[in-house]
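Student: One structure coming up, written as structure tokens, with questions to follow.
Computed from the coordinates by the stated procedures, all read-outs in this text should not be read as laboratory data. The shown structure was predicted, so the numbers you read here are calculated from the model rather than taken from an experiment. Neighbour counts run over all protein chains shown; Cβ positions are idealised from the backbone, glycine included.
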Amino acid sequence: MKMSISSGHITFGYRNIDVPFLRLPEITGRYNYSCGLYSNGHRERTNIIGMSEILMFDFDDGYPFDKCADYLNEVGITAYLTTSRNHQKIKGTGEKAKPACDRYRVMLPFDAPINLPFGVYQDFYRYVRELLGFEELSDQQTPDNTRFFFPNPDQKTKFILTGQALSFSFLEENFRAWQALEQAKEKAEHEKKQKQRDKKGQSRTEKGLLENEVSRHTTIHTKRGTYSLCDFEYLQGDDTVPCRCINPAHDDKNPSAFVGRSRKSGALMVRCSGCGFLAFMGAE
Ligand SMILES: [Zn+2]
């Protein structure tokens with residue numbers, strides 16, 4: 001199994017390794033590890049040269065370890081389970097503290113590296129999560145290619161060995177069909193909403209924008225420079241870029257806002273945590 005590990009820093013000093021599946025406990029107990037492989041040890045998107053054969057799911061909300069192991073056994077999927085550092089510990093402090101419960105990772109080996117580009121990888125992750133029925137049970141966030149995990153020296157581990165690894169080529173083909181379906185669903189939903197809006201008689205401005213929309217060419221100030229809103233179309237999934245608020249009524253000295261995508265519609269949006277401003281990118 002290819003993966004990258006670092007014994008100290010969480011961002012630098014990663015080594016790409018090839019470890020036999022059954023020896024994963026030696027990694028997950030000792031090193032920071034990531035499913036991304038990096039060209040110069042720097043765990044960063046632009047340095048990715050490939051991905052691991054492993055897809056990893058994080059269980060953080062109390063779905064029992066043993067139940068999960070039994071389920072994987074039943075469906076016949078080879079897997080490695082390892083508890084994470086907050087397993088059976090109270091997580092956080094004060095009002096936000098989460099009670100002690102089973103917290104662990106499930107690592108599923110595929111028969112080939114999951115070499116999908118940034119963004120597509122996240123979609124594939126969501127697809128497998130849905131396929132396995134893990135949507136409600138595992139971490140709701142969709143990890144990107146560069147995600148890393150801390151080791152747990154006190155880990156409890158378990159192997160499910162069914163003799164069957166998931167086939168990447170088979171699942172990828174099905175994934176492409178799923179993706180097309182998801183996009184069609186999204187489009188239909190968008191059109192439906194558009195019609196509802198039109199029915200309500202919500203007027204478009206001269207520029208053809210709806211009330212909650214701003215122009216594609218709206219100026220966005222980030223720490224790195226000045227852009228047009230449409231320059232951020234590359235953003236995928238939960239990716240965001242901090243920017244100054246674009247609400248004319250909010251004189252924003254800090255970047256209190258961000259550009260990101262709506263989880264519901266996937267539309268590009270600007271949201272401000274300072275003043276609550278929210279606007280979507282229009283077609284014009
Ligand atoms: Zn604002």
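Student: Percent relative contact order of region 213-281, based on C-alpha pairs within less than 8 angstrom and at least six residues apart? The partial results should precede the final answer.
Tutor: Details: 134 pairs, mean separation 19.1, N = 69.
It rounds to 28 percent for region 213-281.
Student: As a check on your grasp of the helix formula, calculate [θ] at 222 nm for the chain: sum -39500 (n - 2.57) over DSSP H runs of n ≥ 4, divide by the residue count, round to the nearest 500.
Tutor: Calculated from helices alone, the mean residue ellipticity at 222 nm is -7000 deg cm²/dmol.
Student: How big is the charge dipole of the chain about its Cα centre, in debye rounded to the nearest 20, if each Lys and Arg gets +1 on its Cβ and each Asp and Glu gets -1 on its Cβ?
Tutor: Here the size comes out at about 680 debye.
Student: Quick one: compute the contact order of the chain, relative version, from alpha carbon pairs under 8 angstrom and 6+ residues apart, as a percent. All intermediate terms of the calculation are to be shown ahead of the outcome.
Tutor: Details: 536 pairs, mean separation 42.8, N = 284.
It rounds to 15 percent for the chain.
Student: Any idea how far the Cα center of region 76-122 sits from the one of region 254-284, in Å?
Tutor: Here the two parts' Cα centres lie 29 Å apart.
Student: If you don't mind, another one. Stokes-Einstein D for the chain at 37 °C, 0.692 mPa s, Kirkwood Rh over Cα pairs, in µm²/s?
Tutor: Details: Rh = 21.3 Å.
Translational diffusion coefficient: 154 µm²/s.
Student: Also, quick follow-up: Rg over Rh of region 109-198, using C-alpha atoms and the Kirkwood radius, what does it come to? Walk me through the numbers before you get to the answer.
Tutor: Values: Rg = 17.1 Å, Rh = 15.9 Å.
Reported Rg/Rh (Cα atoms, Kirkwood Rh): 1.08.
Student: Taking the Cα centre of region 2-166 as origin, work out the dipole magnitude from +1 charges on Lys and Arg Cβ and -1 charges on Asp and Glu Cβ, in debye rounded to 20.
Tutor: Values: 19 positive and 20 negative charges, 127 e Å.
For this selection, approximately 600 debye.
Student: Would you be so kind as to identify which of F57, I17, C101 lies farthest towards the positive end of the dipole of the chain, taking Lys and Arg as +1 and Asp and Glu as -1 on Cβ and the Cα centre as origin?
Tutor: Going by the charge dipole, the pick is C101.
Student: Which of the cysteines in the chain are isolated, no other cysteine C-beta under 4.7 Å?
Tutor: Lone cysteines by the Cβ rule: C35, C68, C101, C230, C243, C275.
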